[in-house]
Amino acid sequence: MPTRESAAQSLALAEAAQAAVGAIAPGRWYHPTLSAFVVAIFLTNMLPDPLDITAVGVLFVSMMTFVFVQARRMGVLHRVTPEAGRQAAGGAVIGLVMYVAALTVDRQADMPWVWVPAALLTGGGILILGNNSRKKGIPAE
């Protein structure tokens with residue numbers, strides 16, 4: 001039977017572990033920012049020819065810089081879990097399917113406005129994947 005002192009020590013240890021997990025978790029703005037970058041990259045397809053490639057390059061470099069800075073700030077570059085790999089693969093599949101579908105509709109039916117719903121669906125899908133991820137260990141508050 002646990003004593004009152006051992007229960008208090010266990011509770012203190014659990015609270016310390018929860019604080020540590022919360023310190024390495026990405027901020028609340030991490031997934032919405034990534035989704036906004038993806039939406040912006042999709043919407044560059046509506047720009048005229050010389051500007052679209054430049055905008056995609058600038059946005060892609062900005063997005064990758066954001067991801068690397070966030071990972072370095074958290075200090076968990078070596079802690080890529082299988083869950084994170086599945087999220088990245090799921091986001092890539094969503095993005096690729098929506099991009100090919102929007103590109104096909106835009107080219108064959110000459111409807112450039114199709115990039116707006118494709119961008120919003122892709123960004124929303126990535127946001128939902130990030131927010132509904134299963135957390136291991138003690139959940140951060």
(message) Under 6 Å between Cβ atoms, which residue pairs at least 6 apart in sequence (or on different chains) link something in the stretch 88-112 that is surrounded by 11 or more Cβ atoms within 10 Å (Cβ to Cβ) and part of a helix (DSSP H, G or I) with a partner that is modelled with pLDDT under 95 and of a type in the set (Asp, Glu)?
(response) PRO112/ASP106
(message) Looking only at the stretch 11-44, filter to residues that are more than 19 Å from the chain's Cα centre (by Cα) and open to solvent by 70 Å² or more (accessible area, probe 1.4 Å); which one of those is modelled with the lowest pLDDT?
(response) GLU15
(message) Please go through the stretch 42-56 and give me each residue that is in a helix (DSSP H, G or I), of a type outside the set (D, E, K, R) and touching a helix residue (DSSP H, G or I) at 6+ places or on another chain (Cβ under 7 Å), ordered by number.
(response) PHE42, LEU43, THR44, ASN45, MET46, ALA55, VAL56
(message) So, in the stretch 49-61, how many residues would count as being surrounded by fewer than 12 Cβ atoms within 10 Å (Cβ to Cβ) and either hydroxyl-bearing (Ser, Thr, Tyr) or within 18 Å of ALA88 (Cα to Cα) (or both)?
(response) 2
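The values are calculated or read from the model by the stated rules, or taken from the named source; none is laboratory data. All values reported here derive from a predicted model rather than from experimental measurement. Cβ coordinates were reconstructed from backbone atoms using ideal geometry, including for glycine residues, and neighbour counts include every protein chain displayed. Calculation scope for accessible area: heavy atoms of the full protein, side chains included, ligands and nucleic acids excluded. Shrake-Rupley method; radii C 1.70, N 1.55, O 1.52, S 1.80 Å.
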